[in-house]
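A.B. asks: Below is a structure I'd like to ask you about.
The values are calculated or read from the model by the stated rules, or taken from the named source; none is laboratory data. Just so you know, these numbers come straight off a predicted model, no measurement behind them. Note: ideal-geometry Cβ built from the backbone for every residue, glycine included; neighbour counts use all protein chains shown. These area figures cover heavy atoms from the full protein model, side chains too; ligands, DNA and RNA do not enter into them. Shrake-Rupley method; radii C 1.70, N 1.55, O 1.52, S 1.80 Å.
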Amino acid sequence: SSTSYYERYHSLGDIYYWINKTAQEHSDMVKVILIGSSYEKRPLYVLKLSGRQERAEKRAMWIDCGIHAREWISPAFCLWFVQYSLNFYNQNNDITEMLNSMDIYVLPVMNPDGYKYTWTTNRMWRKNRSSSKESNCVGTDLNRNFDANWCTKGASNRPCDEIYCGQFPESEPEAEAVANFLRSHKNSVKLYLSIHSYGQMLLFPYSCSNEEVPNHAELFELAQEAAMKIRRHYRNNYKYGASAKTIYLAPGGSDDWAYNLGIHYSFTFELEDRGRYGFLLPPSFISKACNEALLAVKSIARRGASNR
Ligand SMILES: NCCCCC[C@@H](C[SeH])C(=O)O
Ligand SMILES: [Zn+2]
Ligand SMILES: [Zn+2]
């Protein structure tokens, strides 16, 4: 059987083509928003998904994929999620209710320069591709470049390191574009999701310190409920909890920053697997990894963003 388009990994050019084709084919539910450009001047496109029911004062959810270049399952999930949502709208109750109750902003590739580089040059590249004057090493870790305890323990100020924090908070155009968009939509965006791999974890703030956020218990319960559903439906185990304790200290993260902006339902997902293939997850695993992630998104979105 021919594997579907959504069970394969796609090159950057392919993804840009897919973004425009999807928006054209679903012009009643999808709008393309240009939120900025990468260091190498590639466009950062966000797809805005909306149900056909116009509701005043709609809440919104944000999902970014591909912040780390080598985590190919992440952009694969964003594409898979968009097509699943569009195909099952007005068929599946969960999807219909989700899209009728909130707009969904999806950024399929937050780090296009790095993603391209993993296809052409180095499959294991993580950072973006910006260069600094001080060093001939390239790239900043975009998930250490946000203004949340920036460049403290768990990040590095050395340009050659994989977790280099950049020259200053939002020094990177990719991070600045996302931060600007969320700042200007902070009254409607109620749920922030950042999709990564690997490790099978559902994480929430803080990762910049061991301090618990005010609604820690609620976020813990949401993550726990989602992990339980994945365990029950797919017999797969996802760890869950506050990032600093569950994975490691990681300051300057997009999720911590979004939380501090006021988006108090903020999560980072580490998708499959647990390390057997790691970042090189075979295409045959895409469907299962995306179904597991979808279950978590639906579970958290139903509870999290509907609370007000
Ligand atoms: N805010 C960071 C959440 C925890 C760390 C997530 C991982 C994903 Se690869 C990282 O950025 O190192
Ligand atoms: Zn990552
Ligand atoms: Zn990761």
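A.B. asks: Here's a check for you: in the stretch 130-139, which residue that is in contact with a Pro (Cβ under 9 Å, 6 or more places away or on another chain) and in a loop (DSSP other than H, G, I, E, B) is nearest to Lys41 (Cα to Cα)?
C.D. replies: Here the residue is Ser130.
A.B. asks: Answer yes if at least one residue in the stretch 118-127 is away from ligand 3 (no atom under 16 Å from the Cβ) and assigned to a loop (DSSP other than H, G, I, E, B), and no otherwise.
C.D. replies: Checked the stretch 118-127: at least one residue is away from ligand 3 (no atom under 16 Å from the Cβ) and assigned to a loop (DSSP other than H, G, I, E, B).
A.B. asks: Of Ser243, Ser197, Ser209, Ser171, which residue is in contact (Cβ under 8 Å) with a residue 12 or more places away in the chain and either in contact with a helix residue (DSSP H, G or I) (Cβ under 6 Å, 6 or more places away or on another chain) or under 22 Å from Tyr105 (Cα atoms) (or both)?
C.D. replies: Just one listed residue meets the conditions, Ser197.
A.B. asks: Please indicate, with yes or no, whether at least one residue in the stretch 157-175 is among the aromatic types (Phe, Trp, Tyr), more than 16 Å from ligand 1 (Cβ to nearest atom) and farther than 23 Å from Gly262 by Cβ.
C.D. replies: no
A.B. asks: To continue, here is another question. Is it the case that Val32 is open to solvent by less than 60 Å² (accessible area, probe 1.4 Å), among the hydrophobic types (A, V, I, L, M, F, W, C), more than 16 Å from ligand 3 (Cβ to nearest atom) and more than 15 Å from the chain's Cα centre (by Cα)?
C.D. replies: In short, yes.
A.B. asks: So, of the residues in the stretch 218-246 that are of a type in the set (Ser, Thr, Tyr) and in a helix (DSSP H, G or I), which turns out to be most open to solvent (accessible area, probe 1.4 Å)?
C.D. replies: The residue in question is Tyr234.
A.B. asks: Still on this structure, I have one more. Identify all residues within the stretch 262-289 that are open to solvent by less than 60 Å² (accessible area, probe 1.4 Å), part of a helix (DSSP H, G or I) and not aromatic (Phe, Trp, Tyr); write none if there are none.
C.D. replies: Selection gives Gly278, Ile286, Ser287, Ala289.
A.B. asks: How many residues are more than 16 Å from ligand 2 (Cβ to nearest atom), assigned to a strand (DSSP E or B) and open to solvent by 10 Å² or more (accessible area, probe 1.4 Å) when one looks only at the stretch 186-217?
C.D. replies: Here the count works out to 1.
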